[in-house]
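The values are calculated or read from the model by the stated rules, or taken from the named source; none is laboratory data. Only a predicted model underlies this, so the values are computations on that prediction, with no experimental measurement involved. All Cβ positions, even for glycine, are placed from backbone atoms using ideal geometry, and neighbour counts span all protein chains on display.
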Amino acid sequence: MSTRVVVMSGRPGRVVGDFPVPFKYPRPPRLRFAEDFARLAGEVSAPQTLSIRTGDKVTLAPCLEKLVPIVQRAQVDYLKSPDKINAFIIDIVRQ
């Protein structure tokens, strides 16, 4: 892992996220089980959660009208209290 993660969109490529990685070197393998690592991984992957091809927008509109508010609510809930879901993710990874 670098000292920074830059997330790009699909074509045309544009930056949708830029995240500093705060973990010092050398990074132990057990870092991936740490709560701070899980939180950062969630933040990095969030911009990629919903993306579709422009040409599919009309076809997918009925689904997206229902799905997008659910995902937005989940993101708000996660940001308010990430500990529970982070613990869940860590537990799954350890299995």
Item to complete: State yes or no: is S2 polar (S, T, N, Q) and surrounded by 10 or more Cβ atoms within 10 Å (Cβ to Cβ)?
Response: no
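Give me a count of the residues in segment 85-95 that are loosely packed, with under 10 Cβ neighbours inside 10 Å and without any contact (Cβ under 8 Å) to a residue 60 or more places away in the chain.
Of the residues in that region, 2 qualify.
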Worksheet item: Does segment 41-48 contain any residue that is modelled with pLDDT of 85 or more and in contact with a Ser or Thr (Cβ under 9 Å, 6 or more places away or on another chain)?
Response: no
Response to the item:
By residue number, the members of segment 51-78 that are surrounded by fewer than 12 Cβ atoms within 10 Å (Cβ to Cβ) and closer than 24 Å to R4 by Cβ are S51
Worksheet entry | Evaluation of Y25 against (1) surrounded by 11 or more Cβ atoms within 10 Å (Cβ to Cβ); (2) modelled with pLDDT of 85 or more (one fails), failing number | (1)
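Pick out the one residue from A46, A61, A34, A41 that is over 24 Å from N86 (Cβ atoms) and without any contact (Cβ under 8 Å) to a residue 60 or more places away in the chain. It would help to see each step written out before you state the result.
Values: A46 fails: over 24 Å from N86 (Cβ atoms); A34 fails: over 24 Å from N86 (Cβ atoms); A41 fails: over 24 Å from N86 (Cβ atoms).
Result of the check over A46, A61, A34, A41: A61.
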Worksheet item: Can you name every residue in segment 5-16 that is exposed (fewer than 14 other Cβ atoms within 10 Å of the Cβ) and free of Cβ contacts under 8 Å to residues at least 40 places away in the same chain?
Response: V6, M8, R11, P12, G13, R14, V15
Item to complete: For F19, indicate whether it is surrounded by 12 or more Cβ atoms within 10 Å (Cβ to Cβ), at pLDDT 85 or above, of a type outside the set (A, V, I, L, M) and assigned to a strand (DSSP E or B).
Response: yes
